[in-house]
Each structure stands twice: as C-alpha cells, then as structure tokens.
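Have a look at the structure below before the remarks.
The values are calculated or read from the model by the stated rules, or taken from the named source; none is laboratory data. For clarity, every value in this text was computed on a predicted model and none was experimentally measured. Every residue, glycine among them, receives a Cβ derived from its backbone with ideal geometry; neighbour counts consider all protein chains shown. Just so you know, the surface numbers come from the protein's heavy atoms only, side chains and all, with ligands and any DNA or RNA stripped out. Shrake-Rupley method; radii C 1.70, N 1.55, O 1.52, S 1.80 Å.
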Amino acid sequence: MTRRVLWVPVAFAALALAGGGLAQPQRPPLGAPVLTSTAGFPHPHTFAAVPGPDARYLELVDTFDVSADGTVVHERASRLQINSFLAMHRRHGESFFEYDPTVEQVEVIVNRTALPSGDVVEAPANAVVDDLPAAVQGNPNWAHLRRKVVVHTALEPGAIIELRVRITRQPKAAPFFELRVPLAADAEVGERLVELRAPTASGVWLPNGFAPGEHGTEGDRTVVRWRGASLPLVSHPSAMDLAVAVVGADETAVRALLTSRMAAAGPLPDQAGRKVTEAAREPDAERRLRAILKVFSESLRTSRAASPRGLGWRITPLDVVWRSGWATPLELAALTAAGLRHGGIEAVPALLAAKPGAPRGLAGVERAVVAVAWPAVAGDGGTGCEIRLIDPVDLGSPTPLEARFSDADAVLLGDLACGWRQPLPARQELKAVLAVQPDGAFSGSLGLVFSGAATPHGALVEDASAFASAAASRLAKGTKVTSVAVTRLDRGAAALALTVNGALAKPDRLGLVRVELGAAVQQPQLDHLPLPPDGWPEAIELPGPIESVAELSIELPEGWAVATLPRACSAENLLGAVAVAARVDGRTVRIRRTLRLSSWRVEVGETSNLRALLVAWRSPASQLLWLRPPAVRATEPAAP
Amino acid sequence: MRRALSCVLLTMAPALAGASPFWDIPVEKLRQAASAVDAAAYPKADAVIIFDRREVEVEDSGLSRTVRHTLTRVLSPAGARELASQILPYDPLSADVAVLRCRVLTWDGKVRDVSPGDVLDVPDHQWLIYWNSRHRLVPVGKLDPGDLVELVTRRVGFTYALLDDGSEGGESRFVPPMKGHFYDIVPLWADVPAIEQRYRVRIAAAKALQYQIYNAAAEVSDRREGDSRVVTVVVRDFVPLDREPGMAALSDVAPKLLLTTAADWNAKALWFHGVQEDAGSFEVTPEIRALAESVTRGLPTPESKVAALNHWVAENIRYIGLHMGEGEGYTLHPAAMTLADRGGVCKDKAGMLVALLRAVGLESYAAMTMAGERIEYLAADQFNHCVTVWRRGDGEAILLDPTWIPGVREMWSSREQQQEVLLGLPEGADLLTTPLSPPEAHPLEVSIRSRLDAAGDLEGTMTVRADGQSDAALRRIYRNRLRAEWRAVDESWLVQVAPDAELIRIDRPDPDDLSKPWAMTLSFRIPGYATRLDDGTLLLTPLSARHPVGVASRADELHLSTEPQTRRYPTRVGCTRLVTLAETLTLPPGSRVEGLPKEARLDGNGRFESTWTVKGDTLAVKETLALTTRIVEPEQWPSLRAALVAFRDLAEATLSVRLAARKEVSR
C-alpha cells in the first residue's frame, strides 16, 4: 500500500467545498435537559409469579399415524402451564418445527392461551411465521428448508399454552419412517403419551436400548404406545429417553438404503480428484492422510449444525456439493471418503452415536464421520488394518474418535474389512523433574504419556513442537522447550520427552514464591461442570472415563525451603477418585496428583459423588506450592 | 422459493438508456485493477476488497436506488469458504435487492458466471423478532485463493418499513414515509482490507443534502450537474481495525459516511411524533384504561403511578416481535394490539406505556435512541431502540424504558447512560445525550464478618447489598436460571472462589420483588481456608478482597481486560458502579499479621481506595472502587486501568498470620 488511512476524525473539508452555510454539526451536550435519574420512585412488585416449577406440561401427546401408502401424520398436542418470569419471557414463548416443504406440510391447528381468569385467547394469524433453520443459513443446497415458528401470545403467570400442530409427511420423503421422540421435555411433564399406528403389513421395528413401549394390534394396524407420568425436565436432548420405532424397514434395509444413497451421490468431482492427487504426493503416510482431509475441510464451508437425521439422511450429489462450496456434515463425510479412496486410502462414510455407550445401531447414531482403513500396528484380528474414525468437520480435534467409540457405536455406510481397536479410557500422565537455581530459574525434563482417547494423535502429527510448547507453558508462564522427542506415536498411545527451562514467579511481599500446579495438569473438560448442590434437578453428562496422573519432582537449591506443600486430599466414590499427595525428600519436593472418572453420566440423586470429586479437584490449597527463598527464610520457631 | 426474476428487467435498464453502466467493466480491466494490489501486503487477511463502488440515485419522492459494484480477491482458504455464498438482506415491505451480475475470475484465467436467475430468495433465520425479513442468497460457488469475485447489486428502498398503506403498486412502497427525504448510513469498514471504497449520490440540488465522514480521510467531490448535485466520496486503503477488548462499537470508531436531507433532528422528532399520533398508536381503549386504573389504584403521586405502569409493562409485556404488516418499522403497534398479544418489541412496549400513562392523565410520548452506539449529530436515522417520555407537570422530560428494566429497580436503564436520544414531542426536540448516572446509584456492598481459628478454618456471615444496576446484575442471575437451580446460585457466591465452602444458611429476597434493594446474608464455613506454613503461620487472602460476588456475577471490575496499557478507542463498561468490600476478620487471639498492603488512594475515571488495618486481634479490610463513566475515553483509560489493577492485585495479596505462642495466649 502506498497510502495509509488517517485515523484522525476528519471534519470534512468537503463541507467547505460545498459552501453555502452548511455548518459543522456539533455533538449534543452531555447531560442535556432530560432526566434519567429516577431516585425516589417506588419500585412495586408487578410480576405475580406462580409457585412451583417454572413450567409444567400438564399434557404432552405425540401421535404418529402411518398410512399404507407411506403418508405419515404426526400430531403434537400440548398444554403447558407457565409460572415464572423465566418460563414466560425466555423459555416457552415460542414453539418451533423444522420441516422440508417439498415433502412435508405443517399446520397449526390450535394456538391459544387459557388464562387463569378462565378466558381463552386465540393467537393472531401473524403469530405463525416461516423462517430458515439456522443450521442451513448460507447453504444454497438446503435453502429450501423451513422452520415453522409458533409464537404464543397473551402469556401471563399461571396461563396454560394450548398447542396442537399437525405435520404431514408425503410418502416420497423416504421409503421408511423413523419415529424418534424424547419422552421428557424442557419442562416437567405431567402426562406423556407417544403413540404410533402403522399398517402391520409394513413392519414395525422397535430397536433395543430405547424406552420400552406397549406393543399391540388393532385390526390390521400395529399400535405402539409409550407412556410417562411426572417426568422431570431434561435440559440436554442427548440425556433424554427416546421413543424409537422404524416403520417399513429394519436395520439392514435402512443401512442398505443409506449406503445406496451414498453411492447415488456420484463419483468424486474431477477438480477435487486433481487436488487429492496433488495432496497425495506427500511421502509420509500420516501427513498424506491429513493433506487429503484438508483438501475438503479447507475447500468447503460446512453447515456444522445440520444433523444427518434432521435432513432425512439425504445427500446432495457430490459434484453439486463441490461446486457450491457448501456441505452438510454427511455430505462432507461422503465427499471426504471418496477423496481418500481416490488418494489410495480405503474409506467410507460412517454414522456415529452422539456418545459412547448410547443405544446401538442405526437408531442410535447422530453424526457423520469418515471411517478409514489404516495399516494395523497390532491387534487387528488378522485383517492387516484397523479402523480410524475421523470427523471431517473438526480436523482440529486432537484425540482419536475410535479410542472412544466402539464398532457398536458406529454404522459404516460401505464395507471396510478391518478390525476395530478396543476403546480405552483416556489416560494422561505427566512427569516433571525440575531443578531450581538460586535465582529462581529452573530447568529439567518433562515426560508426557497418553493413551486411549487422551492421545493427541492429530495434534502431534500436525505440529509436535507446538504441542510441546503449549504443554511446557502450563508448568509456569514463559517456560521454554529446549528439546522435543516424540518417543511413541500411534492412534492409541503417544509419548513425548521434553527438556525445558523457565523461571518461577518472583517472591511476593512476604518473600514467598507461589507455584501453581493446576494448569500443568488441567482437565478442561471438567471446568464447565456445575458443582451440584443437594437436590440438583437432573442428570449431568460427564466427559467419560478419564484418568490423569501428574508427578512433579522439584529439586530446590541450597537455602530454599518449602513454606507449605499442596494440601493433601482424597475423595473416592462410585464415580471416580481424586488424590493429591506431596512430600519433601531432602531438597526435593515430590507431588502426585491423580484424577479418575469412570462414567459418562451422573444420575439424579447421585450428584453428590460428582460434587465430592470436583471439590477435591478444584481445591485451591491442593494446587499451590509455596516456597521460601533464603533471603527471608523464617528464623523464628514455629508456633505450636 | 422465489427466484430473483426482477433482475432480468433491471439489467435491461441501462441498455435502454443507451449508456454503458458504470459497473460494466471488461474482465481484463478488472484483472488489471486486481493485479495492481499486492496481496502479500495483507498476510493476515483472508480476502481483500479491490473496490467497492456505490452509485445512488435519489428521486424527488426520496426513493433511492443504489447500484453497488464490488471486486474482491480471495487470499486464503478461509476467505474462499466465507465468500462461497453471499447474503444480501432486505425487508420486503420497504426494500428490495437484486443481483445484476456475479462472476468469478479464477486464478487460472477463466471466468465463471453465476446467473442472477440462480440467486435464491430466502427468509432469514429469526430470533425474537419475527418480521419476515428475508435475504437474497447468491450462490457464488466454490472458490480458491487467488480468485476474484465480482458482484453487482441493485438495491431500492429503505431500511425500515414505514407508513406505506400498501395500496400502491410497483416500487412506491419503497418511498420513505418522510416524503421527499433521503438518508443513508454507509459503513466504510469491513473485516478485510479495502483498497477503494467509493460512494456517489446524485440528488436534486434543491434537496439540501448534508453529509459527513467520520473517522477517516477521504477524497471528496461535490458539484452541480444541471439541477442535480453529485457528491462523490472515496476512502482508500482501509485496513481492519485492531480490536481492543471492551472497545466501543465499531460504528463509533470506524470510518463511516452519513448523509441526510432532513434539516435537523427537530424535523425528525416532529415527524416521528406525527407518525405515531396519526397512526393512533397510543389510543386508549376501555381495556387499557381499566388496566391502568387497576395498576395505579390507590397510588398517591404521579411518580408512583409512572413507576407502577412502567414496571408493569416491563415485567408483563414479553419482548417478542410480531409483524403487523404495513406500518411496521417506525410505527408503534397500537397499544391495544400489544396488550392483546402481551408482547411486542421495544417500540411496542414503549407505546403500550405511553397509552397507559395517558389513560391515567399523564402526558407521554415515544422517543428514539441507539443502544450501544453513538448517534452522530447529523439527522440521518441512526436508531435501534425506542423508549418512553413522561412529561412531568413542571415540563421536565423523564425517560422511561420498559424494555430494559425487567428486574431492574430503575425507570430508565443506566446501561443507557451517555447515549443519544430523540424525544418525539409535539413541539419537536433536539438530539440529547443522557446524563451520567453516578456510581453511587449502583452500589454493590459486600460486608463480611468472619473469624479465623488456629486451624485455618474460616466462618462468618457475608451480607450483600446492591441497588440500581448492581442490584439487577444479582437478581438477573436468579431470574435467568430455573428455580430448581437456585440453590446452586446460592452456593455460587462462595464456591467459585472456595469450592469447599459450606453454605450454612442464606436469607435472600424474592428476585421478582423489586420493592426493596437486593439484600442477602449468607452464613458460611470454609474449612482450611488459610494455609499453614512451615513456621506455623497461616497464609491467607481475606475473603472480601477476593470479591467472591464479583467472581460469581462476572463483574466488569474483574473481567474488563487490563492488558492494553493504552487504548486508541473508547472502552465501554456495562454501567457506572460503586463497589465496596469490607471485612472484619477476627484472628486467633494474640496473632501477629505480616504483609499488610499499603493504603491506596487513586483518583480519576476509576477511583479506588483501600485500607487493610489490624487492631488487636481484628483485621479490617475496606476497599472502594468506583467506575465513574460508562464510556471511557482513551485518555481516561490509564486511570481506570490503574484502579482496576490495584483492585485486582489485592485479590491476590497474601497475609501471614503468626499465631501467638501458648503462653502469650494465656497471658
């Protein structure tokens, strides 16, 4: 650039050029004659909240009627009482129904509010609006999708929102129908009913692992009902019990259909193929894999929130996807798998459960990934290869999916004759051996060992030095890595040996040096978890089986003393264990800090176990080491 | 889905006129223009705008048509993904936009046309305001670094749907309701560098166009062509601003151009007043009168009536935007409609309050403002928010904001201090700036009486009192959580700094009850709060100094970044605020305290005072921090920063408490 923008506000010479009495406008004066201070005004209590839960479905009913021609009529009827400010103003003012207008129709049959006075107020016509689902914003291939927004009006505390909506799905939508409805909701539910009616001749498949239904027949129709009463609210959809049934197909047939859809999406576009060929020139196999993956993740913008199920498992032809520059996760998985095959790496699109151990099979899957056949190191069952799972939307994810998910959590849309590794708990081990100099500088070694789902395989393949630097900087701010050796690296295990140097914090006003250990052994997955008090209303999702061990050995120079060690603590229960131990051997401080979490979920009523572990893990005193350099070492005897 | 068919007709217009439009540039010249730009000069940019040219024609009616021609070079894969589709938003009732041309000049010398017929017309994804806004989605397609994207669009109309009666066809619905007038607000900033940004407007010379450029230097031409006036503004070599944490809105500090034919704000205020009165937005129906009388029954003063009605609207009219069809925009929904829906956006809540106030005989009007951004003193419409004015018997105008005061013990939210406002009074009004709200109006007082035993356990009571916006910040935490989670909120005041704290008892008010300032008292015990050192002394930071309530409520005084030593741009805090932390800590008998920090006293935009003293066995902590303005100018920042740093340093300051030997104790 030859010129720079001047950042000084310009009074604009043009006004002078324009001439003719265009005076420069002035800013209004601060504190102009308008009053905003309303001191002395009373503040009456004007919101008459109703006691009890924030909101409660008195009744929540979903019925699904499948005709012989494949038409499905879904009716939702609900009566929801709102009691609190939160319920009325934030949580329950609108209902949303996403749909595909090319195959579905949404009719709002009833949208009214029954007031505590007994009056019933019908919502006006402009309270029903069609807009675009956020998940496909900007994606031209899916811009035809719509969301029906039903705004509830005349709300006041104690009012009951009465809603009845009918969604009719045409037979051409899909050759089978999958019912998949949470029994619980985002408010307590008094009475819950989900009902399916379908021609017996169509076949009704009830996958295992989901909420059990009452199964019967009425004439030539199969009727399945799921009932519930007094259900607690559930905030996270993944934590909800689901009513699931499939009409018109079984697991094998559905899988065959989805596989055929992948094939029907067409071959890899030529231009993509050329890019893959270019990327495949990378001689190192791991880097070649990542280079091909990046061809797609860097070329295409992804509608990340567009779930494969939400889009009816449909896929746009791959050449259209490539040309548009936009993909859904399922389309990206299909395209990436095709690209990998083009580059000589066997791969197929796959569908994966939201979390390990969820109900198995097609009915349990949620997200699209790529399954890759990779030469096995060992334990492949003689196939010579093992399966890697890669989320093409999130290549930055440092740890391998297949270390968390088993074959039972995944459905491959194609054939890969490879073995699966057994998922292993995420385990990380840190061993630091540091020697402190009299001036507070330190140097030493740092050993990092990872296994299972904690293995930062992707990050180490990408840039081991950057990973090492980040790990070292958590020991103490400004710590530098002087050497890195990756002593082991595969998908399920990795080890690094570093040498480092740095400096402890300067002594504070009391002459003490504060050493914080928490960052060195951080478990960011635990940071967002609530510290649940007694009576916590719902189950809590956990990051899964993890184990973390940190051992620090710090050799102090002559004259330095330990003012206090990290406070020892331990907690152990059915959910896991936390332990912190520290001691001094001569001039060496030895600290061991461990965490073990054995579950994916804490049920209501068991949250005190989580609290006990988190309290111990987060305890500030167990994370601090205080050192006393010689200049101010205490000379007085200790108090009793 | 509708296709943008109108573009076919639009593209014919210049041909019929016999002149080549300004945007019809041969590909070679476009490549030439792009090649003059050194992409290496922008190593961090994902794209660079080679040029962005707008030609605006204003009709006598005030209707404007803007043709915009942009050429953008893709510099990175991220830029390629970002530009793969382009969104052109519009409100169908007041504007339209069409694509005249879109083509990609690829890095390897090819040209790919995107047919205007492939442009999609799509509803926006909406949230809370369901006004049926839409956008044209331009499917540019997959790009590579080095590609050039050329886009030509034609926009007609205004940003807001105003008082069109819907009876006229064609483009008449795009004529602004302030008949014959034109305004434009032109951001001259972007997320990527822009080599040339040009804006040219042709308007009848008789219309007294005023304009001003802010925060940039520009080349300007302002000349007559027959009966027209042609103004051209060119800003060159824009580079994206280096963002500063907590900085003021971009529109306050980035380059922009404002244009208007409105003589002054008074004219706009008169128009705004007339629009609402003519539309009957504040008509008092029997239902509204009955409600107003019911809410104010027995209240003795106008102030008490105003307060009751303002809070009633704030708490009982839900913020939700339903589209009433013609007139949406600057026209406030009829109050009867808002009451029936029990919902509306800011303007509708403001109008509801006007009607209720009038129903009890109080003089009231609507007013416009701009939340979060500055309104410049050029009468281009820069508004995003609507509030209410009560004109008291003595003629004083008092601002009321029923949208921003749910759960707030104020009539007007002090989060809107130092903000411009235009009152829609019958006699008109000039633009005003709301005055500062002193920090003393928003106190947060945390008082702790605690006792430390020789084992290092701490127990005591913590009393928290707050008012104004500080009260609202605490109340909001409860009101935004499920009641079943309130126990966790109760605990959060302590466990965020001391996870093993035991909450023994809490007394706190109903968060919905605004009649009294927030006051809660917690009894607590924290085992092992102090750390025992090798010499037997106890090490601790007084609980009050760690500001546990501020930590739990993510208070500005703890979270506003102090990383910048100096700032180029103003900083914006949530509200002025006065924080007082006090603790009386009873120590084990005969203890000796070491490491007391010195008294501090800082003045300026941030005022801070602290004293930590020991008298006998009692440690007394007193800290006072005042954030004195909501907008902090760059020259005021060092003072605020110094106060915040000093305040936060004390949260880490440790004391040693040397316990008395046994015989000393017995003595």
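Here are a few things to note about the model shown:
- Any hit, region B:119-129, residues being within 12 Å of another protein chain (Cβ to nearest Cβ), within 22 Å of B:VAL74 (Cα to Cα), open to solvent by 10 Å² or more (accessible area, probe 1.4 Å) and touching a residue at least 40 places away in the same chain (Cβ under 8 Å): no
- Residue check for A:THR259: crowded, with 18+ Cβ neighbours inside 10 Å, at pLDDT 90 or above and β-branched (Val, Ile, Thr): no
- Flag if A:ARG323 is surrounded by fewer than 22 Cβ atoms within 10 Å (Cβ to Cβ), in contact with a helix residue (DSSP H, G or I) (Cβ under 9 Å, 6 or more places away or on another chain) and in a loop (DSSP other than H, G, I, E, B): no
- Residues in region A:249-263 that are touching a residue at least 12 places away in the same chain (Cβ under 8 Å) and either of a type in the set (Lys, Arg) or assigned to a helix (DSSP H, G or I) (or both): A:GLU251, A:ALA253, A:VAL254, A:ARG255, A:LEU257, A:LEU258, A:THR259, A:ARG261, A:MET262.
- Residues in region A:591-613 that are surrounded by fewer than 19 Cβ atoms within 10 Å (Cβ to Cβ) and of a type outside the set (S, T, N, Q): A:ARG592, A:ARG596, A:TRP600, A:ARG601, A:GLU603, A:VAL604, A:GLY605, A:GLU606, A:ALA612.
- Of the listed requirements (1) touching a Phe, Trp or Tyr at 6+ places or on another chain (Cβ under 6 Å); (2) within 14 Å of chain A (Cβ to nearest Cβ); (3) among the aliphatic types (A, V, I, L, M), B:LEU63 misses just one: (2).
- Near pairs, Cβ below 7 angstrom, 6+ apart or cross-chain, from region A:183-210 (over 20 Å from A:THR252 (Cβ atoms)) to any residue that is in a helix (DSSP H, G or I): A:ASP186/A:ARG91
- In region A:171-193, of all residues being part of a strand (DSSP E or B) and in contact with a Pro (Cβ under 9 Å, 6 or more places away or on another chain), the one that is most open to solvent (accessible area, probe 1.4 Å) corresponds to A:GLU188.
- Of the numbered criteria (1) more than 13 Å from chain A (Cβ to nearest Cβ); (2) surrounded by 22 or more Cβ atoms within 10 Å (Cβ to Cβ), the one B:SER437 fails is (1).
- Filtered residue count, region A:563-578, keeping only those that are open to solvent by less than 30 Å² (accessible area, probe 1.4 Å) and part of a strand (DSSP E or B): 6
- Taken residue by residue, region B:397-415 has at least one member that is buried (at least 22 other Cβ atoms within 10 Å of the Cβ), touching a Cys at 6+ places or on another chain (Cβ under 9 Å), assigned to a helix (DSSP H, G or I) and facing another protein chain (nearest Cβ under 8 Å).
- The lone exception for A:PRO269 - which of (1) surrounded by 15 or more Cβ atoms within 10 Å (Cβ to Cβ); (2) farther than 19 Å from B:ALA78 by Cβ; (3) in contact (Cβ under 8 Å) with a residue 12 or more places away in the chain; (4) away from every other protein chain (no Cβ under 14 Å) it fails: (4)
- Count - residues of region B:420-433 that are out of contact with any strand residue (DSSP E or B) (no Cβ under 6 Å at 6 or more places or on another chain) and either assigned to a strand (DSSP E or B) or within 11 Å of another protein chain (Cβ to nearest Cβ) (or both): 1
- Region B:505-527 - residue that is open to solvent by 20 Å² or more (accessible area, probe 1.4 Å), within 13 Å of chain A (Cβ to nearest Cβ) and more than 29 Å from the chain's Cα centre (by Cα) and, of those, farthest from A:ASP508 (Cα to Cα): B:PRO509
- Whichever residue in region B:188-208 is outside any loop (DSSP other than H, G, I, E, B) and open to solvent by 50 Å² or more (accessible area, probe 1.4 Å) and, among such residues, is nearest to the other protein chains (Cβ to nearest Cβ): B:ARG200
- The listed residue being within 30 Å of A:GLU603 (Cα to Cα), modelled with pLDDT of 90 or more and in contact with a Pro (Cβ under 8 Å, 6 or more places away or on another chain), out of A:GLU558, A:GLU538, A:GLU547: A:GLU547
- Given (1) touching a Phe, Trp or Tyr at 6+ places or on another chain (Cβ under 8 Å); (2) surrounded by fewer than 21 Cβ atoms within 10 Å (Cβ to Cβ); (3) farther than 22 Å from A:TRP600 by Cβ, number of the condition A:VAL254 does not satisfy: (2)
- One residue stands out in region A:208-247 among those that are hydroxyl-bearing (Ser, Thr, Tyr) and touching a Leu at 6+ places or on another chain (Cβ under 9 Å): the one that is nearest to A:ALA174 (Cα to Cα), namely A:THR222.
- Strands (runs of 3 or more DSSP E) fully within region A:55-120 counting 3 or more residues that are within 14 Å of chain B (Cβ to nearest Cβ) and either closer than 26 Å to B:LEU339 by Cβ or open to solvent by 30 Å² or more (accessible area, probe 1.4 Å) (or both): A:94-99, A:104-114
Residues checked against (1) among the aromatic types (Phe, Trp, Tyr); (2) at the interface with another protein chain (Cβ under 10 Å from one of its Cβ atoms):
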position	(1), (2)
B:TRP312	yes, yes
B:GLU315	no, yes
B:ALA335	no, no
B:CYS346	no, no
B:GLY351	no, no
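- One residue stands out in region B:70-89 among those that are under 30 Å from B:VAL231 (Cα atoms) and surrounded by fewer than 22 Cβ atoms within 10 Å (Cβ to Cβ): the one that is nearest to the chain's Cα centre (by Cα), namely B:PRO89.
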